[in-house]
Amino acid sequence: AEPNYLAFIEFYDEDFAWRYTPARPVGDHLRPWIFLLVLKKEEFERDDRRLPLPVITIKNKLALPPSNETSLFAHVHTQQEIPGSELSDLEEYLLSLQKTITTDPDQIYCRLLSPRHLEPNTTYQAFLVPTFEAGRLVGLGKSTAGVPAQKPAWDATTTGVDLPFYFDWEFSTGEKQDFESLVKLLEPRQLDPKIGVRSMDCTH
């Protein structure tokens, strides 16, 4: 993968990233109940024998993003054109989205991005983990009694934490292999004046 891109995962259901969020929006932000955590091999220990979900133990707390910023990396994407940019068109746009969901639901989906800045020539493991403490405890098979519903699964004071995960995959980055970097390698050359010129017999 290109190191200057962000890892991401997409879901067919456009509300899936927020469907089980036990919280109200704060202003325009609603924290998703899941997060895409991207780690290097040395930053975690993995245990696939844990139940009900496999678990990773985070060894480097710097690999955990601020828990109050998870809402910044979840959004809905649509292929549908927005009819206008004025606020007065918002209701019309929302109604058009509802029509699109009914007639062609493939045009709308949600996406989780990982804010992890990737390094070239590095192997990473991406994990889909719960962002709320209640979800984390359930994934570990523990009781949630007395746990505030909106408590995050980690915060700035977290040093090491066990995180269950729902899905994972491994990927590696290359070294400047995106389209932009390849274009920058192109060098102009002065062409021979004969290029593009050919004698033509117009006798007939």
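The values are calculated or read from the model by the stated rules, or taken from the named source; none is laboratory data. Predicted model only: the values in this text are computed from it and were never measured. In this analysis, Cβ positions are derived from the backbone assuming ideal geometry, glycine residues included, and neighbour counts consider all displayed protein chains. Surface areas here come from the heavy atoms of the whole protein model, side chains and all, with no ligands, DNA or RNA. Shrake-Rupley method; radii C 1.70, N 1.55, O 1.52, S 1.80 Å.
Are any residues in the range 89-142 among the β-branched types (Val, Ile, Thr), in a helix (DSSP H, G or I) and within 25 Å of residue 155 (Cα to Cα), and if so, which ones?
Hit for the range 89-142 is 138, nothing else.
Answer with yes or no whether residue 17 is small (Gly, Ala, Ser), assigned to a loop (DSSP other than H, G, I, E, B) and touching a residue at least 24 places away in the same chain (Cβ under 8 Å).
no
For the range 1-39: of the residues being open to solvent by 30 Å² or more (accessible area, probe 1.4 Å) and within 23 Å of residue 123 (Cβ to Cβ), which is nearest to the chain's Cα centre (by Cα)?
Ranking the candidates gives 8 first.
Out of the residues in the range 40-75 that are in contact with a Pro (Cβ under 6 Å, 6 or more places away or on another chain) and not hydroxyl-bearing (Ser, Thr, Tyr), which is most open to solvent (accessible area, probe 1.4 Å)?
Ranking the qualifying residues of the range 40-75, first place goes to 48.
Looking at this structure, is residue 106 over 11 Å from the mean Cα position of the chain (by Cα) and either at pLDDT below 70 or open to solvent by less than 60 Å² (accessible area, probe 1.4 Å) (or both)?
no
Evaluate the range 142-165: report whether one residue or more is open to solvent by 40 Å² or more (accessible area, probe 1.4 Å), under 18 Å from residue 11 (Cβ atoms) and at pLDDT below 95.
No, the range 142-165 contains no residue that is open to solvent by 40 Å² or more (accessible area, probe 1.4 Å), under 18 Å from residue 11 (Cβ atoms) and at pLDDT below 95.
When you scan the range 166-204, how many residues do you find that are at pLDDT below 90, open to solvent by 70 Å² or more (accessible area, probe 1.4 Å) and not in a loop (DSSP other than H, G, I, E, B)?
Total satisfying the criteria: 4.
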